[in-house]
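Read the structure below first, then the notes.
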Amino acid sequence: MADQYAQSGEDKQATGTPVIRWEEPPEGPVVVLLDQTRLPAEEVELVCTDPPALVEAIGSLAVRGAPLLGITGAYGVALAAARGFDVADAANALAGARPTAVNLSVGVLRAQEAHRAALARGGTSGQAAQAALAAARTLHREDAEASARMAGHGLALLDELLPGGGHRILTHCNTGALVSGGEGTAFAVALAAHRAGRLRRLWVDETRPLLQGARLTGWEAARHGMPYTLLADNAAGSLFAAGEVDAVLVGADRIAADGSVANKVGSYPLAVLARYHHVPFIVVAPATTMDPDTPDGASIEVEQRPGYEVTEISTPQAPALGAGGGVPVAPLGAQAYNPAFDVTPPELVTAIVTEGGAASPVTAGSLAELCAGTRREPLGQGPASGGGGEGRQ
């Protein structure tokens, strides 16, 4: 079950209401989410008292973004255990709520394994639930630390590729604090450039059909006082042609072993434009987004979303008129093609930045080396200095 309520000024951070938190009111533990479908019109929280409510929140995109989905999945397992649900069933439902984002299944498995291990040691159900919660909280903290390190590595890479500062960065979808335990992935790099006085302009794709760029990235950029400009997705080509883009920064929902990147649909055309115009195309994602068990891009399952997301426009301010709750913009009965993601091949990716450093060129070997280095190096240390070559760390 989920309930919504507006959040008061209490318990707000500099970037607004926390995107996710665990609370234990007298009536039992809950997972509280910032409902991202209501932004930017209002900050409303969704209080989830059971795993089905979290599954619904994930499917409706009230909570979204690969790293945050992993954190949500882990908290969902802890909630199932604490509330007396069948943990295995809850884990399966949570992990399958969005198939492309590998972080979701990684977070679910991490909390589930902690729960299993506690039971195997002879612990009580309460102790096992606490073990799952501890695993979720650890993942949450690690993601925040990873975000800070990615920002450092990404800014160092930008300065290396684009000496002199004044970066004009094009980004797609939303990759900030709304998708992360910290300040985000690709957006965190742009924010680091802004704080260093080296961001000249953040170009924000609106990101049809659900406008995550316009609604969410614009909202975050405005809160940080960043110089940003919103554009329709199909206007990106004219920006490249005019020489107004220095680099493209995007996130990822799954990175295959060969370096193929699944990200919000519309990313692949940007990579093609960037290659033609000799502009770096950089992917920023935590190591949990890398999936060595998916060999290549063709093996990535791409989530297909409902057609009404294309045939209608839904915003918090608009009246609900269509079958999907939005304003119809196509004839009744129109068929729609609505993949949530597309896949960019590794040869179009200049670099992949994680908390462990940057892989460039992007190959199976450079990614394997980067992943190994990330596992060896504990989180919490400062970003490595830049340097050329494969498997930059």
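Determine, yes or no, whether Leu348 is modelled with pLDDT under 95 and either surrounded by 14 or more Cβ atoms within 10 Å (Cβ to Cβ) or more than 26 Å from Glu142 (Cβ to Cβ) (or both).
No: the conditions fail for Leu348.
For the range 28-68, enumerate the residues that are part of a helix (DSSP H, G or I) and touching a residue at least 60 places away in the same chain (Cβ under 8 Å). I'd like the intermediate steps shown before the answer.
Pass one, the range 28-68, residues part of a helix (DSSP H, G or I): 36-38, 51-59, 66-68.
Listed by number, the residues that qualify are Gln36, Thr37, Arg38, Ala66, Pro67, Leu68.
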### Conditions (1) in contact (Cβ under 8 Å) with a residue 24 or more places away in the chain; (2) buried (at least 18 other Cβ atoms within 10 Å of the Cβ); (3) not aromatic (Phe, Trp, Tyr); number of the one not met by Ala118
(1)
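For the range 208-229, name all the residues that are outside any loop (DSSP other than H, G, I, E, B) and either outside the structural domain of Arg168 (by TED's automatic domain parsing) or small (Gly, Ala, Ser) (or both). Talk me through it step by step, then tell me what you get.
Taking the range 208-229 first, the residues outside any loop (DSSP other than H, G, I, E, B) are 212-223, 228-229.
Gly213, Ala214, Gly218, Ala221, Ala222 - these are the residues of the range 208-229 that are outside any loop (DSSP other than H, G, I, E, B) and either outside the structural domain of Arg168 (by TED's automatic domain parsing) or small (Gly, Ala, Ser) (or both).
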### Query
Before we move on, is Asp159 in contact with a strand residue (DSSP E or B) (Cβ under 9 Å, 6 or more places away or on another chain) and in contact (Cβ under 8 Å) with a residue 40 or more places away in the chain?
yes
### Query
Which of the residues that make up the range 60-79 are crowded, with 24+ Cβ neighbours inside 10 Å and aliphatic (A, V, I, L, M)?
Val63, Ala66, Leu68, Leu69, Ile71, Ala74, Val77, Ala78, Leu79
### Task
Could you tell me whether any residue of the range 191-207 is closer than 26 Å to Val106 by Cα and either outside any helix (DSSP H, G or I) or in the same structural domain as Val310 (by TED's automatic domain parsing) (or both)?
no
### Task
Taking only the range 210-227 into account, find how many residues are over 24 Å from Leu162 (Cα atoms) and surrounded by fewer than 24 Cβ atoms within 10 Å (Cβ to Cβ).
7
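A quick yes/no check of all residues on (1) over 16 Å from the mean Cα position of the chain (by Cα); (2) crowded, with 24+ Cβ neighbours inside 10 Å; (3) more than 15 Å from Thr354 (Cα to Cα):
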site: Asn92; (1), (2), (3): yes, no, yes
site: Asn103; (1), (2), (3): no, yes, no
site: Ala111; (1), (2), (3): yes, yes, yes
site: Glu145; (1), (2), (3): no, no, no
### Query
Out of (1) within 24 Å of Val329 (Cα to Cα); (2) out of contact with any strand residue (DSSP E or B) (no Cβ under 8 Å at 6 or more places or on another chain); (3) among the polar types (S, T, N, Q), the odd one out for Ser238 is which?
(1)
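Check Arg83, Arg38 and return the single one that is out of contact with any strand residue (DSSP E or B) (no Cβ under 6 Å at 6 or more places or on another chain) and either among the aliphatic types (A, V, I, L, M) or outside the structural domain of Ala177 (by TED's automatic domain parsing) (or both). Give the derivation first.
Values: Arg38 fails: out of contact with any strand residue (DSSP E or B) (no Cβ under 6 Å at 6 or more places or on another chain).
After applying the criteria, what remains is Arg83.
The values are calculated or read from the model by the stated rules, or taken from the named source; none is laboratory data. All figures in this text were calculated on a predicted structure; none of them were measured in a lab. Note: ideal-geometry Cβ built from the backbone for every residue, glycine included; neighbour counts use all protein chains shown.
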